[in-house]
Every structure is written in C-alpha cells, then in structure tokens.
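Chemist: Sending over a structure as structure tokens; questions will come in a sec.
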Amino acid sequence: MNLADLSSNLLYVAFVAYLIATFVFGGAVKGNKEGTFNSEKRWGRVAITITLIGFIANLGYFFTRWGATGHAPLSNMFEFTTAFGMTLVGGFIILYFLYKTPVLGMIVLPVALLIIAFASMFPSEVSPLIPALQTNWLAIHVSTVVIAEGILAISAAAGLIYLLKVVDPTKKSKQRFWLEAIMYSLVLVVGFVVASSFFSLTGYEAEFTYVDKEDKEAAITYAMPPIFGMNEYVALTDEAMAPLIETPALVHAGKLTTVVWSVIVGTIIYWLIRLIFRKRIAALLKPFVKNVNLQLMDEIGYRAIIIGFPIFTLGALIFAMIWAQIAWSRFWGWDPKEVWALITWLFYAAYLHLRLGKGWQGEKSAWLAVIGFVIIMFNLVVVNLIIAGLHSYA
Amino acid sequence: MENLQCQCGHMNPPGTNLCESCGRSLTEKEQNSKLVDMRYEGTARRSQTYNKSIIDKIWNFFSSVKVGVSIIIVLLVAAAIGTILPQQAFVPATTEATIKDYYADTYGSIGRVYHYLGFHDLYSSFWFIALVGMLAISLIIASLDRFVPLYKSLKNQRVLRHPSFMDKQRIYGSGAGAEDTLEKAEVKLKELKYNIRTDKNGLLAEKGRFSRWGPYVNHIGLIIFLFGVMLRMMPGFYVDESLWLREGETRAIPEVPGYYLESKGFELENYTGEGGEEVFGEALDRVGTVAKNYQTDVVLYQKAEDALPGAADGQEMVKEYPIRVNQPLKFDGYAIYQMDYRLDELKAMTFALTNKETEESLGELTIDLIDPVDTYELENGATVELLGYYPDFSGFEDGEPQTATPLPNNPGFLVKLITPETPEGETSFITIQNTVEPLGDNDFKLTFLSADTRDVSGLTVRKDSTLPILGLGGLIFMIGVAQGMYFNHRRFWIQQKADGTILLAGHTNKNWFGLKKDLDQVVEYASLPAYTDQQDEIDKAEKAEKEGEALS
C-alpha cells in the first residue's frame, strides 16, 4: 500500500468513526432523563473517545497525503473541503473539552460527515501544483483559514442547537420556517451526495459539444443525465437522454443539471423523512435538546467567534494579502474570493459590535451565527464553482 | 449645561451618570435601576450629552455603534453586489466602449443594467470609497467618544465608593467581618496578581485594565491601514507598470530611473507525469496540461554613476536572477514579477532573392522584425531596399498598408528589389504566404526561407512604499483584538465599616465565570461574606414571573 492509498483509507476510518460517534452522542443526549445528565456523562466519554480516534485518523489522512503529494493538501476543492470537515471536528473537540457538551457533537459530527462526503464528490486524485501555489504560503494561508472557518462553524452549530430548543415547532412562525429551511438545505447536500454517487457508480456519462459565451466551440461531459442542455449542444453519446431544455450560453447547463438533480433527490429524501416520522426535522431533533442550557450555548457560540475571528483575520486577510503581494504583485485585487473573505470578516465584525448592545444575545446571536456559516459555505461552494476568479482551483 | 454636583461634593461634568468620585447614581434612571450601568463607567460621553449644533449632530451620528454596524452592513452588501458579474478589470476589454459592449453582449440586459449602474467598477466608485471613508470616520469618532471619558475615569478612580454604588454591582455581598479581613483579602488578591490600592477602610483590587483599551487599539490599527491605502494615491509611493521583455533584449525599467533589465531567456515548463511526477499521472490524464514553472532569467543593470546620460554603455551588472511566480526580483524598494508571457514571437525573417524564371538565388537577407534596417546589400551586387515595414499588417486603407499594433504578429514588407538585371528596381509587397506586385509583374521575388522566434516575458514592475504602514496597521489591529478579547478587566471593591461590616462588590467587562472563580478563592481565604450574582437573581425572578403568568 503506498502513501496515497494509506491516506485515503485513513479518511475512510475517520468517516466511519465520526458516523459511529454521531449516534453515540445522540444516544448519550437522548438517554438523559429530564433535568439529569447521567447518560451524557457515561456515554459522552465513549463518544468523544471515538471522535478522537476518528480525528487522529483524519490528521493521519492529512499528513500522509501531504507526504504523498509533496505539498499541503489544501490545493483544490476536494482537499480544502475535506480539511474543513476536519477542522470542524477539531474545533468541536476544543470546545468539548472547555464545556463538556455532547449535544454539540450530535450536531457538529453529522455536518462534518456531510462536508467530507460533499468533498469526495470532487476529483480526489493527487494533483500537481500550478506555479502560483508553489510556496509555503499555501500551507500557511490556507491552513489558517480552514482552522478559523472550522472554529467559526462551531458557533453556527451552537446557534442551531439554541434555535432547536427555543423555536416552537408546534406554532407557525417565521422562525419555524427558517429553522426547517436550514434542515432542508442540509438534506439537499445529502441529495447531492446520493445523486452523484448513484450516477458515478452506475458509470453514467454523456458527452456534448456546445458553443460557449465567447462564441467558441467547447466540449463537456455530463456525469448526470442532462436535464438542461448547453447552448447549441450536439450530443456525442448515442444512447444518452436528450436534454429537456436548452439554456442560453450564459448559464452553465451542466452545473445547473447537477444542482437540479441534487434538489430533486434531496427533496424526495426530505419528504420521505417527513412522511415516515410525520414531523418536521426540527421537531424530530427537539427531544435531543431538552436538557440544553441556553446560556451555555450562547456562551459557546460567542466563544467560538471570539477564538475564530482573530484567526480568520490573520489567515484570510493578513496572510492572504502577504501572499497576494508576493504572487500577484498586489496585496488586494477585488477577486471574488478576496471580496467574500472581506464580507465574512465584516459580517463577524458586525456580529461582535451588535453583541455589545442589549437584546442581541441569545436567539438573535444564534441566527447571526447560522448566517455566518451560510456565508462561509457560499464562499466555499458558490464562489469556487460558479463565480470564476483567480481562486477557482476546483 | 451645568456641572452636576454630587452629594459627596464632587463636581461632575454634565451628562455624568455615576459620580466620578464616589459612584453615586446621578440620574433618575440610574437611581431607579437595580443594577448600575457600568459601561464606560457611567461617565459623560459627548454624544450622550450635547445635541444642539450641527457638529454635535454629526458627532452623535458617527459615534453610534448602530450607525457603525449599519455602515458595515451596507459595505458588505455593496461588496457582494460587485461579485455578481466580473469587475471590468477581469473582462477581456480595455476601452470604455468595448467594456460596455462586452457586458451587453455577454450578459444581455442584466449586463447592460449592471454596467449602467456602474457596478462593473464598483470598488473604485465614488460612493463605495465614500462608504469606506464614513466607516473610517465612524471608527475615529466612536472610539474618541468612548475612550477619552473611560480613560479619565479609570485613571482617577477612587478606592472608596458609596455603598449605593457597591450594592448596585452585579456581584455584591455584605456581612460581618473580622479585624484582619481586609489584610487577608489583600494578601490573597495579590497572590492572584491583582493590583491593590487601599484607602482608610477600603480596598480596590484591579487586574487587566489594559484589556479595556483593546477595541481602541484595534480601531487605531484599522485607521492606520486605511491611511496607508489612501497614501498610495500620492505620487512616489506607488508604481505599477508592465514591461514586455523579449529574450535577448535589454530595456530601461519603466518608472525605475537608472535601472535596466535584460532577459536571458523565458521558460515555460509543464508537468510531464514522469520521473518523480508519476503520482500525478491520473490528474494529468484528466485535466491535460498543467504548468509547472514560468521563469524569466534576467540580468539587472544599473547605470554607472559617472556614465553620460543616454549612453548605452556604462551599465554595471547588479545581479542575475531567475524571476518566477512567487519569487519576484527585488531591488532598491522595487519588485519585478513574472505575470504573463507570449511564446514564439517572430524575431527575424530570412528570405532569398530569387529569379522567378530560373529560381536562381542572388543571395539571402535576414530582416530583424523589431529593428529593421533600410537597405540590405547582397553578395552578388543586388540590393533590397525596405520602403515600408508593417509589423502587424491589417489591410490597406486608401492604398496604404496599415499596421494594427507595433508587435510583429503579421509582418508586411514593402520592398524594392534592385539587381544587376533590374537596376531600376522592382516593387513588391510581401506578407506571410502572399506577395503583391503593385507596379506590374516582376522578374525577381523574395522567397521566404525561415523565421526566428523568441519568447516574450510579461513582467510587472511594482513599488509600494505603503506596505510597511499597512503591515503596522495589521499588527496593531491584531494586538488590539487579542488585548480586548483574550483578557478582561476585573475589579473588586471591599470596605469595612466602623461596626466591622464588610461590603464587597465586583465587576468585570466580560467572563463573569472567571471573576467568580477568583472571588471564591478570596472569600474562602479571608472569610469574606457570601456574595450573590444579582443579575442571575433578576433573571430568575423574571423567569418565575413569566412562568407564573403562563400558569395562571
């Protein structure tokens, strides 16, 4: 077994460990009688041990891959997103030892699992570095950013737990709608993973040529049955399904097809859950948060941002500017990724100032923390895949 | 407005909430509340006191945190709008008209509206810069409005406070004490690294006051950073030039007086997937070619001090350096970056002068496409005169050949061929793979033999003297953030009344948990009276009231 194979096997180990730990954390929390924490204490220790084993395997994946490729594995969509899943778990472990809260693990671990699964849908073979990335700043800048984002995301997890506890699932409200919307969007990621895996396992491929927005002939391979066809497409694969709708050149029909398949599959899964349990997902999770100390969740959410914000400033702005000055001759160029890093930073700066005022702690802070995570994910997914720029390495 | 005199006799400036000397509540609101509002120590902030003149109103506007946050949010949204479509710097068009057309052609009506609203150059727009300016003003005014009174108040704080100040603190306790209680408390607090001041029957223990300056320090860092950014508009601070340098060429570096750069060669290397790169084989098969290195080997020369101006010689070699991405050439505050390249630009073309009929050659000539000469003498007495040279021939206009650019992309030559047989000369217009004979059929022609090519390096010449200022701003910001976030300002006031009763109060700007942990140790060691967290009591009472309502 060479180093690269060892690396991917370690990632599997981590994945499975997180999966098991999720259920143990869930059981630990659920097993509590109202107002007592005996089950948490007993099973929480087991769960965190499994998590730690997973995290060590995850670190093992990271460093063996580093050894195999000769560069920090933070250079493309697969590597960065996987590392994000890892730092998310790392952030959780730190806060677990500060506050001893199994319920946090029950929320963070499945999200980390989703993120790692999402990452695995992108090409994962070891790839060489383009000249712009051949420097130690890759490891310095990107690892700082990914650690900061992992920690900041913990505040969203704490916020989510806060909301699960305070939002009443039996009364119709804006809060109930948006909380369920968060759950639904997490299920959509599952939809993406399921759809991608299904079509990739069945070996689906359909090739087309088309005319791009610069009026040039180009080729594309669909990995999913084409719902949307590229501008002036011509099918090259015979038995492939004919696209239902042709899009103008501006719209990338291939990506749109992936999105729509994910939404279709995700929505089916979501409604299956709703039909089987006859409850909203938020309501399903409600029994798990009955013992949650709201003040503590608010504190964890705030603490995570207090730790994450300076690291984010250092990694995503200061180190980023130093590297940009070295590689691109200017420390700032309004590249979309740079702009969204600034937006993320401004958002958390606003959060910190708002918390000075009365009435912004608690539920409002929890919503803000969740929005912060949405911005981070937007920068990771949408800016990389849709808004092209200097940082589009995927 | 008049000064406020406290019962203790101290004159407080107008707008003060808590007496600067004894801490008594001065306003009705403070007097009626269960806990005092300790933010900014109850001092008079200008923004909360004056609201008459226009200056007051402007000051009050910018000193508000709400306004500051609103500016941040507006900036954030504006910045996001700028990423919906690419900014003009990233589109393949350079003139105003072509940029406008590009947005309309590529993005349709959305592009047209986007361009019309000026969003294609959003970050240099007047209003965006004005917003950043407003944020800077807000940073300065909001900080001054709070820092000045807070600093004065903490600097002049007294040890002894009025009991009404103490019992309105969140952490409060009172009860009987022993004779040595104060001394013992002092010992323990010293052990916990508190600074102690005593006055008569009272004690003030304080730790981490510097953390209160954190926000102001980080704001100063941001102001310095923004100042540095502004400074680059001043001439001399900032140079941004591009330099296209051909292999073998030496050129003066633009905007860098006295320096010359020679390119020894440009190299583009791709990953092969062989040797140590086998591990990348799969990735290379999927994506095709991946660049491994862009490199220009250069020699930097400096004009000798005693050299005549304009003289080509008199240059001294400074250094040889391979410029690569991430490894710019640095000298004298300047840096030169590998940014772009053009492969195989035509350098020279070699022709043979041949007799059309016999195909007999009268000799060869090589035309340098960057620096052609007027006349080429061949061995057998024949001459080729270059009447006109069009490096990037684009067609005829009014019978005259035109060139689109000065780059030799599609060279055209108007030549006169003079041979012993045709002493008058024959005129011919030659472009790649095409010959036009405007003045009738010729006997001779130039036959293309070969072309020399070379690579061109696209380099960026940069000087940015503001970088140290930006670095300083960033550093101060980080120090301020750490100072304000990772430390906290804890204080305890302890008093022993004549009858031996101990009054105990504590305050921190954050992390009450840590404060209580400190206090618990002191309470145990010095047998202080038990204390309560009055905020918790209030919360509990409120909760009970709510539940009571729900039950009834």
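The values are calculated or read from the model by the stated rules, or taken from the named source; none is laboratory data. This is a predicted model, so every value here is computed, not measured. Reconstructed Cβ throughout: ideal geometry from the backbone, glycine too, with neighbour counts over all protein chains shown.
Chemist: Say we look at segment A:298-343 and pick out the residues that are farther than 16 Å from A:V145 by Cβ and acidic (D, E); which of these is nearest to the other protein chains (Cβ to nearest Cβ)?
Modeler: A:E299
Chemist: Next up: Evaluate the following for B:T532: is it touching a residue at least 24 places away in the same chain (Cβ under 8 Å) and either surrounded by fewer than 13 Cβ atoms within 10 Å (Cβ to Cβ) or within 22 Å of B:G214 (Cα to Cα) (or both)?
Modeler: Working: touching a residue at least 24 places away in the same chain (Cβ under 8 Å): yes; either surrounded by fewer than 13 Cβ atoms within 10 Å (Cβ to Cβ) or within 22 Å of B:G214 (Cα to Cα) (or both): yes.
For B:T532, the condition - touching a residue at least 24 places away in the same chain (Cβ under 8 Å) and either surrounded by fewer than 13 Cβ atoms within 10 Å (Cβ to Cβ) or within 22 Å of B:G214 (Cα to Cα) (or both) - is met.
Chemist: Can you spot a residue in segment B:341-355 that is within 29 Å of B:E262 (Cα to Cα), within 14 Å of chain A (Cβ to nearest Cβ), in contact with a Gly (Cβ under 9 Å, 6 or more places away or on another chain) and modelled with pLDDT of 90 or more? Don't jump to the end; show me each part of the working.
Modeler: First pass over segment B:341-355, keeping only residues within 29 Å of B:E262 (Cα to Cα): B:341-351.
From what's left, within 14 Å of chain A (Cβ to nearest Cβ): B:341.
Subset that is in contact with a Gly (Cβ under 9 Å, 6 or more places away or on another chain): B:341.
Checking the rest, the ones that are also modelled with pLDDT of 90 or more come to B:341.
The answer is yes, given that some residue of segment B:341-355 is within 29 Å of B:E262 (Cα to Cα), within 14 Å of chain A (Cβ to nearest Cβ), in contact with a Gly (Cβ under 9 Å, 6 or more places away or on another chain) and modelled with pLDDT of 90 or more.
Chemist: Any residue at all in segment A:354-362 that's on the phi > 0 side of the Ramachandran plot and either in contact (Cβ under 8 Å) with a residue 40 or more places away in the chain or more than 9 Å from chain B (Cβ to nearest Cβ) (or both)? Full working, then the answer.
Modeler: Of segment A:354-362, the ones on the phi > 0 side of the Ramachandran plot are A:359, A:362.
Filter once more, keeping what is either in contact (Cβ under 8 Å) with a residue 40 or more places away in the chain or more than 9 Å from chain B (Cβ to nearest Cβ) (or both): A:359, A:362.
Looking for residues that are on the phi > 0 side of the Ramachandran plot and either in contact (Cβ under 8 Å) with a residue 40 or more places away in the chain or more than 9 Å from chain B (Cβ to nearest Cβ) (or both), one finds at least one in segment A:354-362, hence yes.
Chemist: For segment B:196-231, name all the residues that are out of contact with any strand residue (DSSP E or B) (no Cβ under 7 Å at 6 or more places or on another chain), outside any helix (DSSP H, G or I) and in contact (Cβ under 8 Å) with a residue 40 or more places away in the chain. Spell out how you get there, then give the answer.
Modeler: Taking segment B:196-231 first, the residues out of contact with any strand residue (DSSP E or B) (no Cβ under 7 Å at 6 or more places or on another chain) are B:198-200, B:209-231.
Among the residues that remain, those that are also outside any helix (DSSP H, G or I) are: B:198-200.
Within segment B:196-231, B:D199, B:K200 meet the criteria.
Chemist: Right, next: Give B:D101, B:D145 a once-over and let me know the one that is over 30 Å from B:H489 (Cβ atoms), within 14 Å of chain A (Cβ to nearest Cβ) and out of contact with any strand residue (DSSP E or B) (no Cβ under 6 Å at 6 or more places or on another chain).
Modeler: Working: B:D145 fails: over 30 Å from B:H489 (Cβ atoms).
Just one listed residue meets the conditions, B:D101.
Chemist: Here is a follow-up. For A:Y222, which of the numbered conditions (1) without any contact (Cβ under 8 Å) to a residue 40 or more places away in the chain; (2) of a type outside the set (S, T, N, Q); (3) within 18 Å of A:V265 (Cβ to Cβ); (4) surrounded by fewer than 18 Cβ atoms within 10 Å (Cβ to Cβ) fails to hold?
Modeler: (4)
Chemist: Still on this model: In segment A:122-146, how many are assigned to a helix (DSSP H, G or I) and out of contact with any Gly (no Cβ under 7 Å at 6 or more places or on another chain)?
Modeler: Of segment A:122-146, the ones assigned to a helix (DSSP H, G or I) are A:131-133, A:136-146.
Applying the additional criterion that residues be out of contact with any Gly (no Cβ under 7 Å at 6 or more places or on another chain) yields A:131-133, A:136-140, A:142-143, A:146.
Looking only at that region, the number is 11.
Chemist: Please note which helices (runs of 4 or more DSSP H) are completely contained in segment B:8-105 and include at least 1 residues that are within 19 Å of B:N156 (Cα to Cα). First the steps, then the outcome.
Modeler: Numbers: elements: B:28-32, B:46-49, B:54-63, B:65-81.
Those helices (runs of 4 or more DSSP H) span B:46-49.
Chemist: If we scan segment A:55-64, do we find a residue that is among the aromatic types (F, W, Y), at pLDDT below 95 and at negative phi? Don't jump to the end; show me each part of the working.
Modeler: First pass over segment A:55-64, keeping only residues among the aromatic types (F, W, Y): A:55, A:61-63.
Right, trim to at pLDDT below 95 and you get none.
Taking every residue of segment A:55-64 in turn, none turns out to be among the aromatic types (F, W, Y), at pLDDT below 95 and at negative phi.
Chemist: Please tell me if B:D285 is more than 37 Å from the chain's Cα centre (by Cα), within 14 Å of another protein chain (Cβ to nearest Cβ), within 30 Å of A:T69 (Cα to Cα) and charged (D, E, K, R). Spell out how you get there, then give the answer.
Modeler: Numbers: more than 37 Å from the chain's Cα centre (by Cα): yes; within 14 Å of another protein chain (Cβ to nearest Cβ): yes; within 30 Å of A:T69 (Cα to Cα): yes; charged (D, E, K, R): yes.
In short, yes.
Chemist: Considering only segment B:399-431, state which residues are surrounded by 13 or more Cβ atoms within 10 Å (Cβ to Cβ) and under 23 Å from B:R246 (Cα atoms).
Modeler: Filtering segment B:399-431 for residues surrounded by 13 or more Cβ atoms within 10 Å (Cβ to Cβ) gives B:401-404, B:407-419, B:422, B:425-431.
Result: B:T403, B:A404, B:L407, B:P408, B:N409, B:N410, B:P411, B:G412, B:F413, B:T431.
Chemist: In addition: Every residue in segment B:382-398 that is over 48 Å from the mean Cα position of the chain (by Cα), closer than 21 Å to B:K445 by Cα and part of a loop (DSSP other than H, G, I, E, B), please.
Modeler: B:A382
Chemist: Okay, moving on. Which one of the conditions (1) under 30 Å from B:L243 (Cβ atoms); (2) part of a loop (DSSP other than H, G, I, E, B) does B:E359 fail to meet, given that it meets all the rest?
Modeler: Looking at each condition in turn, B:E359 falls short on (1).
Chemist: Which condition breaks for B:Q302 when tested against (1) without any contact (Cβ under 8 Å) to a residue 60 or more places away in the chain; (2) within 14 Å of chain A (Cβ to nearest Cβ); (3) crowded, with 16+ Cβ neighbours inside 10 Å; (4) over 18 Å from B:D340 (Cα atoms)?
Modeler: B:Q302 satisfies all of (1) without any contact (Cβ under 8 Å) to a residue 60 or more places away in the chain; (2) within 14 Å of chain A (Cβ to nearest Cβ); (3) crowded, with 16+ Cβ neighbours inside 10 Å; (4) over 18 Å from B:D340 (Cα atoms) except (2).
Chemist: Next question. Please determine whether any residue of segment A:103-115 is under 20 Å from A:K337 (Cα atoms) and either surrounded by 20 or more Cβ atoms within 10 Å (Cβ to Cβ) or in contact with a strand residue (DSSP E or B) (Cβ under 7 Å, 6 or more places away or on another chain) (or both). Spell out how you get there, then give the answer.
Modeler: So the first thing to find is which residues in segment A:103-115 are under 20 Å from A:K337 (Cα atoms), and the list is A:115.
Going one step further and asking which of them are either surrounded by 20 or more Cβ atoms within 10 Å (Cβ to Cβ) or in contact with a strand residue (DSSP E or B) (Cβ under 7 Å, 6 or more places away or on another chain) (or both), we end up with A:115.
Yes; the residues of segment A:103-115 include at least one that is under 20 Å from A:K337 (Cα atoms) and either surrounded by 20 or more Cβ atoms within 10 Å (Cβ to Cβ) or in contact with a strand residue (DSSP E or B) (Cβ under 7 Å, 6 or more places away or on another chain) (or both).
Chemist: With respect to B:I432, determine if the residue is of a type in the set (V, I, T) and modelled with pLDDT of 95 or more. Spell out how you get there, then give the answer.
Modeler: Details: of a type in the set (V, I, T): yes; modelled with pLDDT of 95 or more: no.
No: the conditions fail for B:I432.
Chemist: Any residue at all in segment A:375-382 that is among the β-branched types (V, I, T), surrounded by fewer than 17 Cβ atoms within 10 Å (Cβ to Cβ) and either over 19 Å from A:A148 (Cβ atoms) or modelled with pLDDT under 95 (or both)?
Modeler: Here is the first cut: in segment A:375-382, the ones among the β-branched types (V, I, T) are A:375-376, A:381-382.
Remaining after also requiring surrounded by fewer than 17 Cβ atoms within 10 Å (Cβ to Cβ): A:381-382.
Now narrow it down to the ones that are either over 19 Å from A:A148 (Cβ atoms) or modelled with pLDDT under 95 (or both): A:381-382.
Yes; the residues of segment A:375-382 include at least one that is among the β-branched types (V, I, T), surrounded by fewer than 17 Cβ atoms within 10 Å (Cβ to Cβ) and either over 19 Å from A:A148 (Cβ atoms) or modelled with pLDDT under 95 (or both).
Chemist: Tell me yes or no: at least one residue of segment B:488-495 is surrounded by 15 or more Cβ atoms within 10 Å (Cβ to Cβ), within 14 Å of chain A (Cβ to nearest Cβ), at negative phi and touching an Asp or Glu at 6+ places or on another chain (Cβ under 6 Å). Break it down into steps so the answer makes sense when it comes.
Modeler: Taking segment B:488-495 and keeping what is surrounded by 15 or more Cβ atoms within 10 Å (Cβ to Cβ), we get B:488-495.
Next cut, within 14 Å of chain A (Cβ to nearest Cβ) only: B:488.
Narrowing the set further to residues that are at negative phi leaves B:488.
From what's left, touching an Asp or Glu at 6+ places or on another chain (Cβ under 6 Å): none.
No; the residues of segment B:488-495 include none that is surrounded by 15 or more Cβ atoms within 10 Å (Cβ to Cβ), within 14 Å of chain A (Cβ to nearest Cβ), at negative phi and touching an Asp or Glu at 6+ places or on another chain (Cβ under 6 Å).
Chemist: While we're here: I need every pair where a residue in segment B:83-94 that is within 8 Å of chain A (Cβ to nearest Cβ) has its Cβ under 6 Å from the Cβ of a residue that is surrounded by 13 or more Cβ atoms within 10 Å (Cβ to Cβ) and part of a helix (DSSP H, G or I), sequence separation at least 6 or different chains.
Modeler: B:T83/A:P336; B:T83/A:V339
Chemist: Looking at A:G372 and the list (1) assigned to a helix (DSSP H, G or I); (2) free of Cβ contacts under 8 Å to residues at least 12 places away in the same chain, which single condition is not satisfied?
Modeler: Among (1) assigned to a helix (DSSP H, G or I); (2) free of Cβ contacts under 8 Å to residues at least 12 places away in the same chain, A:G372 violates only (2).
Chemist: Considering (1) within 14 Å of chain A (Cβ to nearest Cβ); (2) surrounded by fewer than 19 Cβ atoms within 10 Å (Cβ to Cβ); (3) touching a Pro at 6+ places or on another chain (Cβ under 9 Å), say which one B:Q327 fails and leave the rest.
Modeler: Single failed check for B:Q327: (3).
Chemist: Can I ask one more? Could we say that B:L459 is facing chain A (nearest Cβ under 10 Å), more than 26 Å from B:F225 (Cβ to Cβ) and buried (at least 17 other Cβ atoms within 10 Å of the Cβ) here? Show your work before the answer.
Modeler: On the way: facing chain A (nearest Cβ under 10 Å): yes; more than 26 Å from B:F225 (Cβ to Cβ): yes; buried (at least 17 other Cβ atoms within 10 Å of the Cβ): yes.
Criteria met by B:L459.
Chemist: Looking at segment A:322-361, which of its residues are among the small types (G, A, S), part of a loop (DSSP other than H, G, I, E, B) and farther than 23 Å from B:V65 by Cα? Quick ask: steps written out before the conclusion?
Modeler: Initial filter on segment A:322-361 (among the small types (G, A, S)): A:324, A:327, A:329, A:333, A:341, A:349-350, A:357, A:359.
Then keep just the ones that are part of a loop (DSSP other than H, G, I, E, B); that gives A:329, A:333, A:357, A:359.
Answer for segment A:322-361, where residues must be among the small types (G, A, S), part of a loop (DSSP other than H, G, I, E, B) and farther than 23 Å from B:V65 by Cα: A:S329, A:G333.
Chemist: Conditions: (1) closer than 19 Å to A:A14 by Cβ; (2) modelled with pLDDT of 95 or more; (3) within 14 Å of chain B (Cβ to nearest Cβ). A:I140 meets all but one. Number of the miss?
Modeler: (1)
Chemist: Determine which member of the set A:A72, A:A4 is on the phi < 0 side of the Ramachandran plot, buried (at least 20 other Cβ atoms within 10 Å of the Cβ) and aliphatic (A, V, I, L, M). Give the steps one after another, and end with the answer.
Modeler: Working: A:A4 fails: buried (at least 20 other Cβ atoms within 10 Å of the Cβ).
Every option except A:A72 fails the conditions.
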